[in-house]
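Have a look at the structure below, then the notes.
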Amino acid sequence: MDTVTYREILSRLTPDAAGVSLQVFDSVTSTNDLLREAAERNAPEFTVFAAKQQTAGKGRQGRQFYSPPQTGLYLSILFRPQIAPAETLALTPMAAVAAADAVERCTGKQVQIKWVNDLLLGGRKICGILAESQFSDAETLDYVIVGIGINLLEPPQGFPPEIRDIAGAVYPAEANAETAFTDCAAALISALMREYRGLPQKHYLTGYRSRLCMLGKTVTVCENGTERQAQAIAVDDDLRLLVRYADGTEQWRSTGEIRIRL
């Protein structure tokens with residue numbers, strides 16, 4: 001464990017982060033996988049693993065999450081909420097709001113959210129979020145692990161070709177990587193804990209809606225190999241997106257059903 005960075009992060013945590021148990025690593029396979037092993041060994045709620053590199057980072061839908069050394073923050077937090085299984089979906093937008101808040105506090109720059117949970121800075125994606133739940137049975141939630149990866153700096157060799165046109169970084173190239181990691185980790189942990197405590201009241205919704213970048217704009221609804229132009233109208237409390245097609249028909253779309261492209 002990186003004890004120097006660990007102490008620096010602890011010194012920057014706000015009172016919101018009371019109860020956090022933190023470990024910091026130079027490199028791991030995957031913070032989500034490592035934390036799942038700890039959860040199965042009865043690690044307490046609010047255990048946090050943060051790393052400066054992942055060799056097998058995980059993205060959504062089984063994709064790999066690009067996690068090079070010394071340029072990103074890769075962090076996973078363990079929650080054991082007393083909620084219904086369906087309510088775990090709220091943890092992803094909650095985490096998006098927390099990550100946006102952390103970046104804004106560290107940089108003073110405005111972060112936008114593209115439905116459902118893509119964080120954009122200057123029109124480029126800077127963050128990935130993966131929530132993984134464990135159930136004893138269909139009605140019993142054991143725990144949820146929320147993993148967040150933030151591109152702090154652009155890698156010296158640049159982003160890989162497959163994401164080069166869409167990926168961005170939080171800090172300029174000349175920023176100090178250690179300071180960026182420490183500051184952003186502390187801000188993120190504090191924001192996550194603050195938003196989590198407000199989860200029953202859906203405190204995150206205000207911050208989520210205020211950062212949405214696409215409402216009132218034309219989007220492309222991609223589904224089952226077809227594409228249709230529509231206008232993004234609103235997002236409800238369950239994060240469903242209301243779109244209006246050219247023929248005037250309106251439709252609420254749920255996360256997981258479609259892709260939205262500006």
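For the chain, the longest principal axis of the Cα atoms and the long axis of helix 3-12 meet at an angle of about 60 degrees. What the Cα atoms of the range 88-226 give is an Rg and a Dmax of 16.2, 50 Å. Note on residue 11 and residue 82: the model spin-label points, each 7 Å out from Cα along the C-beta direction, lie 3.8 nm apart.
Axis of helix 177-197 versus longest Cα principal axis of the chain: the two differ by about 60°, to the nearest ten degrees. Ranking 82, 201, 157 by how far each Cα lies toward the positive end of the dipole of the chain (charges on Cβ) leaves 157 at the top. How large, in Å, is the range 4-133 by the Kirkwood hydrodynamic radius built from its alpha-carbon pairs? Every distinct Cα pair counted, the radius reaches 15.7 Å. The Cα trace of the chain gives Rg and Dmax of 18.2, 60 Å, the first to one decimal, the second as a whole number.
Annotation: extensible slack from residue 252 through residue 134 equals 39.6 nm (criterion: 0.36 nm per residue apart, minus Cα-Cα distance). Placing +1 on each Lys and Arg Cβ and -1 on each Asp and Glu Cβ, with no other charges, gives the chain a dipole about its Cα centre of roughly 600 debye. Calculated [222 nm] ellipticity per residue, helices only, for the chain: -8000 deg cm²/dmol; basis is -39500 (n - 2.57) per DSSP H run with n ≥ 4, divided by all residues, nearest 500.
We did not get these values from a lab; they are worked out from the coordinates using the rules stated. Computed from a predicted structure; not experimentally measured. A quick note on method: Cβ atoms are made from the backbone with ideal geometry, for glycine too, and the neighbour counts reach across all protein chains shown.
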